[in-house]
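Notes follow once the structure below has been shown.
The values are calculated or read from the model by the stated rules, or taken from the named source; none is laboratory data. Note that the structure is predicted; figures quoted are calculated from it, not measured. So basically every Cβ, Gly included, is an ideal-geometry build from the backbone, and we count neighbours across all protein chains shown. Surface accessibility is based on the protein's heavy atoms, side chains included, excluding ligands, DNA and RNA. Shrake-Rupley method; radii C 1.70, N 1.55, O 1.52, S 1.80 Å.
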Amino acid sequence: MSNVVKEVVAANESYAADFGDKAQLPMPPGRRFAILTCMDARLDPAKYAGLAEGDAHVIRNAGGRASDDAIRSLVISHKLLGTGEWFVIHHTDCGMETFTDEIMRGLLASSLETATVDENGWRDTGKGPGSTEGDYIDWLTIADNARSVVADVARIRNHPLVPANVPIYGYIYDVRSGRLNEVADATAAGKAS
């Protein structure tokens, strides 16, 4: 058993020992909203959005992008669990800004081991084999952070399964200050009607 597994299991034991009345939390989020954000470990949506357990749905993926699966989760969040407002929150210094689909596909074709990055960019240091299956994936990389927030909010807003009365707000979280900064064009694109 790795040290990470031991640490996680020990932390869970402490958490479960003080679980208290959390077993009584209802399934629908109490504050009736959802956040789509990045999986970056520097982001703690509970802290930056003032959440307690049971308050909101938090959907995370690489870049906080409006992928088909993220939209699936948002639709379930609204249709079955009653959320009425959604936030799309990207962040500064996002790893998804550091590569393109072509770079990712090339790295995966070379090997499946972890790549490295330096002043010359990403490079593969692993030994093959790799796989060309990455050629069939849209990695949803980010060339311009604000534009990606606008694009994701617009994609969600225009999706046929998303009701027009759900407002969608666009923000960028600043990893240096902890502040949420609104992307006005995104929030305008996500306006409810």
Using distinct alpha-carbon pairs, which all enter the 1/r mean, Kirkwood radius of the chain in Å: 18.6 Å
Cross-link partners of residue 6 among lysines (Cα-Cα below 21 Å; sequence separation of 8 or more within a chain): none
Along principal axes, Cα extents of region 30-129, largest first, whole Å: 48, 25, 18
Cleavage-rule hits, trypsin sites (Lys or Arg not before Pro), region 16-84, DSSP coil, Cβ neighbours within 10 Å at most 14: 42
Per residue value of the accessible surface for the chain (all protein chains in place, 1.4 Å probe), Å²: 59 Å²
CD proxy at 222 nm, helix term only [per DSSP H run n ≥ 4: -39500 (n - 2.57); per residue of the chain; nearest 500]: -9000 deg cm²/dmol
Ordering of 103-111, 179-187 by burial proxy (mean other Cβ atoms within 10 Å per residue, highest first): 103-111, 179-187
Share of carbon and sulfur in the accessible heavy-atom surface of the chain [1.4 Å probe, %]: 55 percent
